[in-house]
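Student: One structure follows; several queries about it will come next.
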Amino acid sequence: EVMLFSNRDLKKLIIPLVIEQVLALTIGMFDTMMVSQCGQSAVSGVSIVDGLNVLIINIFSALATGGAVVCAQYIGKKDKKMASHSAKQLLFTILGLSLVIMGLCILLNGKILNLIFGHIGHDVMAYAKTYFFFSALSYPFIGLFNGGAALFRSMGNSKVAMTNSFYMNIGNIVLNYIFIFILNMSVKGAAIATLLSRMFCSFIILYMLLNKEHTIYIDTYFKYHFDFATVKKILQIGIPNGLENGMFQMGKILVQRLVSTFGTAAIAAHAVAFSLTSIAVVPGMALGLAILTVVGQCIGANDYQQAKYYTKKLMIIAYLSTIVAAGILLVGVRYILKLYALPQATANLAVSMVSLHCVFDFFIWPMAFSFPNALRAANDATYTMIVSTFSMWTFRFALSYVFALYLHMGVIGVWWAMIVDWIFRAICFMIRYKSNKWMNRTLV
């Protein structure tokens, strides 16, 4: 039979995805470093809003994932017309939603921040309000950018999203430098830099989608009629995925509150370890995105044998690359921590957290987080949502308290609870996959 993806196709899909994930990580670190020149209150104000931003951007990503699955299935079905039609519905749905969220965040700016972080100092709150206002203005642009990037990925073209992310991030750093260091605009400057770089890149990716050479293209942005049937298909994956992401972020924020009761050393070690461990899971995240495209197209072509073949193949790659990434981090963690100027006790605590994470990355992480994308691509998103949400609140949240407070494990207990959450997810997804219940649930 004809294979839908050659090894060359897979390479072309996966390598840019990995690079894009690495870029996203390193740029975040640069961003924080540059803002940290504005003082501690500024950093605190920005990091508070960043937590909210992640939550909101996740909503757009979830919708984009829904759109990508629908489009990938139409491409697999060789129905380019419907793929392009769905793409347009996705972009306008994201635009509508992001404008509503933007409006609410601008109107209720201080109220939202006071509700969640009422107890912070005046100066921190002032910075947070400024940063939140400009962040909100950028929501429609980051939403459309995410949508466009997901559409290119569903065509198997991840290079476009990668190069655009690269430009967006370089633009952000250059503008940050100008606004923060030359024009002394502090947090406001950092926020405007982000807004301008997001605007620029969303315009570029929307313009690229007008190219009729692409498998999916948009005929015009000036004519649009709402098609409920198509939007419903996008939401069938987008809503469960969005709820799952949202719950996950909320759980993280609540666990963070528990961590903050263990004192400064615990907070610092947890924060540093968390940012370092994200390096270990970069390949797994990239392969998760690849699985979405590849399996989505196989399902559209109604070829479940190939869907299984590629799931297995991509999971093997995910495991091998995670072992390499986590292995490097495990060996180098003590050297990397020297860059952070932490007190020895804090550094030691961070080392034990990172080591714990890396050891379980080898066995479980890809199964718990890359693998469920195969189920999502087959329109089984409600199952992954139920498992993830149950696991999040039962294990990562409730067990954190049991381990940390009742078993007196302190902040390390929080990390062990997280590992239990991974193991439970991995087992549930594996059982579902083996049961074949995810098959024949085609969306299109």
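Student: Can you tell me which residue is farthest from residue 249 (Cα to Cα) among those in segment 378-416 that are without any contact (Cβ under 8 Å) to a residue 60 or more places away in the chain and within 22 Å of the chain's Cα centre (by Cα)?
Tutor: It comes out as 383.
Student: Now a separate question. If you take the residues of segment 230-253 that are among the polar types (S, T, N, Q) and over 19 Å from residue 383 (Cβ atoms), which of them is modelled with the highest pLDDT?
Tutor: Kept after step one, since they are among the polar types (S, T, N, Q), are these residues of segment 230-253: 230, 236, 241, 245, 249.
With the extra rule that they be over 19 Å from residue 383 (Cβ atoms), the set shrinks to 230, 249.
On the way: 230: 93, 249: 82.
Checked segment 230-253; the qualifying residue modelled with the highest pLDDT is 230.
Student: Could I ask something else about it? For segment 1-14, enumerate the residues that are of a type outside the set (D, E, K, R) and in contact (Cβ under 8 Å) with a residue 24 or more places away in the chain. It would help to see each step written out before you state the result.
Tutor: First, pick out the residues of segment 1-14 that are of a type outside the set (D, E, K, R): 2-7, 10, 13-14.
3, 4, 5, 10, 13, 14, listed by residue number.
Student: Let me ask you something else. I'd like the residue in segment 198-226 that is of a type in the set (A, V, I, L, M, F, W, C) and not in a loop (DSSP other than H, G, I, E, B) and, out of all such residues, is surrounded by the most Cβ atoms within 10 Å (Cβ to Cβ). Give the derivation first.
Tutor: So the first thing to find is which residues in segment 198-226 are of a type in the set (A, V, I, L, M, F, W, C), and the list is 199-201, 203-206, 208-210, 216, 218, 222, 226.
If we keep only those that are not in a loop (DSSP other than H, G, I, E, B) as well, we get 199-201, 203-206, 208.
Working: 199: 19, 200: 17, 201: 26, 203: 13, 204: 17, 205: 22, 206: 17, 208: 17.
Checking each candidate, the answer is 201.
Student: Yes or no: segment 351-364 includes at least one residue that is within 30 Å of residue 300 (Cβ to Cβ), among the aromatic types (Phe, Trp, Tyr) and in contact with a helix residue (DSSP H, G or I) (Cβ under 7 Å, 6 or more places away or on another chain).
Tutor: no
Student: Where the second residue is acidic (Asp, Glu) and in a helix (DSSP H, G or I) and the first is closer than 24 Å to residue 183 by Cα and lies in segment 38-55, which pairs have Cβ atoms under 7 Å and are six or more apart or on separate chains?
Tutor: 41/123
Student: Which residue is nearest to residue 55 (Cα to Cα), if the candidates are limited to segment 84-135 and must be in contact with a helix residue (DSSP H, G or I) (Cβ under 7 Å, 6 or more places away or on another chain) and of a type in the set (Phe, Trp, Tyr)?
Tutor: 132
Student: Separate question: Residue 60: touching a residue at least 60 places away in the same chain (Cβ under 8 Å) and surrounded by fewer than 19 Cβ atoms within 10 Å (Cβ to Cβ), yes or no?
Tutor: Values: touching a residue at least 60 places away in the same chain (Cβ under 8 Å): yes; surrounded by fewer than 19 Cβ atoms within 10 Å (Cβ to Cβ): no.
So residue 60 does not fit the description; no.
Student: It is to be established whether one or more residues within segment 370-378 are assigned to a loop (DSSP other than H, G, I, E, B), within 27 Å of residue 294 (Cα to Cα) and open to solvent by less than 20 Å² (accessible area, probe 1.4 Å). Steps first, answer last, please.
Tutor: Initially, segment 370-378 is screened for residues assigned to a loop (DSSP other than H, G, I, E, B), giving 371, 378.
Those still in the list that are within 27 Å of residue 294 (Cα to Cα) too: 371, 378.
Filter once more, so that each one left must be open to solvent by less than 20 Å² (accessible area, probe 1.4 Å): 371, 378.
Within segment 370-378, one or more residues are assigned to a loop (DSSP other than H, G, I, E, B), within 27 Å of residue 294 (Cα to Cα) and open to solvent by less than 20 Å² (accessible area, probe 1.4 Å).
Student: While we're looking at this one, here's another question. Considering segment 324-338 alone, what residues qualify as being open to solvent by 10 Å² or more (accessible area, probe 1.4 Å) and either closer than 17 Å to residue 426 by Cα or of a type in the set (Gly, Ala, Ser) (or both)?
Tutor: 325, 327, 332
Student: Out of the residues in segment 7-21 that are surrounded by fewer than 17 Cβ atoms within 10 Å (Cβ to Cβ) and out of contact with any Ser or Thr (no Cβ under 9 Å at 6 or more places or on another chain), which is farthest from residue 166 (Cα to Cα)?
Tutor: Step one: of segment 7-21, the residues surrounded by fewer than 17 Cβ atoms within 10 Å (Cβ to Cβ) are 7-9, 11-12, 15.
Still in the running and out of contact with any Ser or Thr (no Cβ under 9 Å at 6 or more places or on another chain): 7-9, 11.
Numbers: 7: 25, 8: 23, 9: 22, 11: 19 Å.
Among residues in segment 7-21 that are surrounded by fewer than 17 Cβ atoms within 10 Å (Cβ to Cβ) and out of contact with any Ser or Thr (no Cβ under 9 Å at 6 or more places or on another chain), the one farthest from residue 166 (Cα to Cα) is 7.
Student: Scan segment 237-285 residue by residue and report those that are farther than 29 Å from residue 319 by Cα, of a type outside the set (A, V, I, L, M) and part of a helix (DSSP H, G or I). First the steps, then the outcome.
Tutor: As a first pass, look at segment 237-285 and keep what is farther than 29 Å from residue 319 by Cα: 254, 257-268.
Add one more test, that the residue is of a type outside the set (A, V, I, L, M), and what stays is 257, 260-264.
Hits for segment 237-285 are 257, 260, 261, 262, 264.
Student: Oh, and also: Does residue 430 fit the bill of being open to solvent by less than 50 Å² (accessible area, probe 1.4 Å) and touching a residue at least 12 places away in the same chain (Cβ under 8 Å)? If you could, list the steps in order and put the result at the bottom.
Tutor: On the way: open to solvent by less than 50 Å² (accessible area, probe 1.4 Å): no; touching a residue at least 12 places away in the same chain (Cβ under 8 Å): yes.
Spelling it out, it is not the case that residue 430 is open to solvent by less than 50 Å² (accessible area, probe 1.4 Å) and touching a residue at least 12 places away in the same chain (Cβ under 8 Å).
Student: Do we have any residue at all in segment 395-417 that's within 24 Å of residue 72 (Cβ to Cβ), in contact with a Phe, Trp or Tyr (Cβ under 9 Å, 6 or more places away or on another chain) and at pLDDT 95 or above?
Tutor: Taking segment 395-417 first, the residues within 24 Å of residue 72 (Cβ to Cβ) are none.
There is no residue in segment 395-417 that is within 24 Å of residue 72 (Cβ to Cβ), in contact with a Phe, Trp or Tyr (Cβ under 9 Å, 6 or more places away or on another chain) and at pLDDT 95 or above.
Student: Taking the condition farther than 21 Å from residue 140 by Cβ, in a helix (DSSP H, G or I) and open to solvent by 40 Å² or more (accessible area, probe 1.4 Å), does residue 170 pass?
Tutor: In short, yes.
Student: Can you name the residue in segment 88-131 that is open to solvent by less than 50 Å² (accessible area, probe 1.4 Å) and small (Gly, Ala, Ser) and, of all such residues, is nearest to the chain's Cα centre (by Cα)?
Tutor: Per the stated criteria, the residue is 98.
Student: May I pose another question? Could you check segment 137-159 and list, in sequence order, the residues that are farther than 17 Å from residue 74 by Cα and not in a helix (DSSP H, G or I)?
Tutor: 158
Student: Out of everything in segment 172-220 that is touching a Ser or Thr at 6+ places or on another chain (Cβ under 6 Å) and closer than 27 Å to residue 293 by Cβ, what residue ends up being modelled with the lowest pLDDT?
Tutor: Applying the filter and picking the extreme gives 172.
Student: Which members of segment 271-296 meet the condition of being open to solvent by 10 Å² or more (accessible area, probe 1.4 Å) and farther than 19 Å from residue 16 by Cα?
Tutor: Correct list: 271, 272, 274, 275.
Student: Quick one: how many residues across segment 76-87 are open to solvent by 30 Å² or more (accessible area, probe 1.4 Å) and either assigned to a helix (DSSP H, G or I) or of a type in the set (A, V, I, L, M, F, W, C) (or both)? It would help to see each step written out before you state the result.
Tutor: To start, the set of residues in segment 76-87 that are open to solvent by 30 Å² or more (accessible area, probe 1.4 Å) comprises 77-82, 85.
Pick out the ones that are also either assigned to a helix (DSSP H, G or I) or of a type in the set (A, V, I, L, M, F, W, C) (or both) and you get 80-82, 85.
Residues in segment 76-87 being open to solvent by 30 Å² or more (accessible area, probe 1.4 Å) and either assigned to a helix (DSSP H, G or I) or of a type in the set (A, V, I, L, M, F, W, C) (or both): 4 in total.
The values are calculated or read from the model by the stated rules, or taken from the named source; none is laboratory data. Being a predicted model, the structure only gives us computed values, none of them experimental. Glycine also receives a Cβ, built like all others from the backbone with ideal geometry; neighbour counts cover every protein chain displayed. With ligands, DNA and RNA removed, areas are computed over all heavy atoms of the protein, side chains included. Shrake-Rupley method; radii C 1.70, N 1.55, O 1.52, S 1.80 Å.
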